[in-house]
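What follows is a short report on a single structure.
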Amino acid sequence: EGTIKPIDQRWAEVVIFFAYDSAAIGPAERPKLETLGKHLLEHPTYSVVVEGHCDERGSDEYNRALGECRALVVRDYLISLGVDGARLDTISYGEERPKIVNADGEGGHQENRRAEFVIGIRQ
């Protein structure tokens, strides 16, 4: 393992969203992962860190575990598309890195329940 030097900023816009208290990949999110998987298969030197995130509801420990589950489910989906698992790392940030700080409605909470990607060359 090593750090990944990001090289492909356009994938920063690919975000997989999750339902409340769930790590299931919804049908609307799968095409995003299929596009990403195809890109990774076309660029075999790229590696990925899948970052799992949660909204602030629930304990820190619970959200850290849920974020890890989300990252692992996304990783497994990419593997099912043919991406080598050795190219995929996961990390959970739980509720530490909200996209919407102090979200008070479902829209903000939804933005925080996500998986994001750092794509680049392993250093």
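The values are calculated or read from the model by the stated rules, or taken from the named source; none is laboratory data. A quick note: this is a predicted structure, and the numbers were derived from the prediction, not measured. Note that each Cβ is placed from the backbone with ideal geometry, even for glycine, and that neighbours are counted across all protein chains shown. Accessible surface is based on the protein model in full, side chains and every heavy atom, while ligands, DNA and RNA are left aside. Shrake-Rupley method; radii C 1.70, N 1.55, O 1.52, S 1.80 Å.
Okay, here's what the table says:
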| read-out | value |
| --- | --- |
| Matching residues in segment 41-58 - criterion: being touching a residue at least 60 places away in the same chain (Cβ under 8 Å) and under 20 Å from Arg87 (Cβ atoms) | Thr45, Tyr46, Ser47, Val48, Val49, Val50, Glu51, Gly52 |
| Residue within segment 10-33 that is among the small types (Gly, Ala, Ser), assigned to a helix (DSSP H, G or I) and over 12 Å from the mean Cα position of the chain (by Cα) present | no |
| Some residue of segment 7-14 being open to solvent by less than 40 Å² (accessible area, probe 1.4 Å), farther than 18 Å from Ala103 by Cα and of a type in the set (Phe, Trp, Tyr) | yes |
| Failed item in (1) polar (S, T, N, Q); (2) touching an Asp or Glu at 6+ places or on another chain (Cβ under 8 Å); (3) farther than 21 Å from Glu29 by Cα, with Ser59 passing the rest | (2) |
| Count of segment 23-64 residues which are among the hydrophobic types (A, V, I, L, M, F, W, C), out of contact with any strand residue (DSSP E or B) (no Cβ under 7 Å at 6 or more places or on another chain) and farther than 16 Å from Arg114 by Cβ | 1 |
| Count - residues of segment 23-52 that are open to solvent by 30 Å² or more (accessible area, probe 1.4 Å) and of a type in the set (Gly, Ala, Ser) | 2 |
| Single residue of segment 61-120 satisfying the filter (part of a loop (DSSP other than H, G, I, E, B) and open to solvent by less than 20 Å² (accessible area, probe 1.4 Å)) that is farthest from Glu42 (Cα to Cα) | Ala103 |
| Residue within segment 71-91 that is out of contact with any helix residue (DSSP H, G or I) (no Cβ under 7 Å at 6 or more places or on another chain), more than 22 Å from Ile7 (Cα to Cα) and charged (D, E, K, R) present | yes |
| Test: residue in segment 60-75 that is more than 17 Å from Val15 (Cβ to Cβ), of a type in the set (D, E, K, R) and touching a His at 6+ places or on another chain (Cβ under 8 Å) | no |
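Condition check ((1) touching a Pro at 6+ places or on another chain (Cβ under 9 Å); (2) farther than 19 Å from Ser22 by Cα; (3) of a type outside the set (S, T, N, Q)) across all residues:
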site: Ser59; (1), (2), (3): no, no, no
site: Ala65; (1), (2), (3): no, no, yes
site: Ile79; (1), (2), (3): no, yes, yes
site: Asp84; (1), (2), (3): yes, yes, yes
site: Ala103; (1), (2), (3): no, no, yes
site: Gln110; (1), (2), (3): no, no, no
site: Ala115; (1), (2), (3): no, no, yes
site: Val118; (1), (2), (3): yes, yes, yes
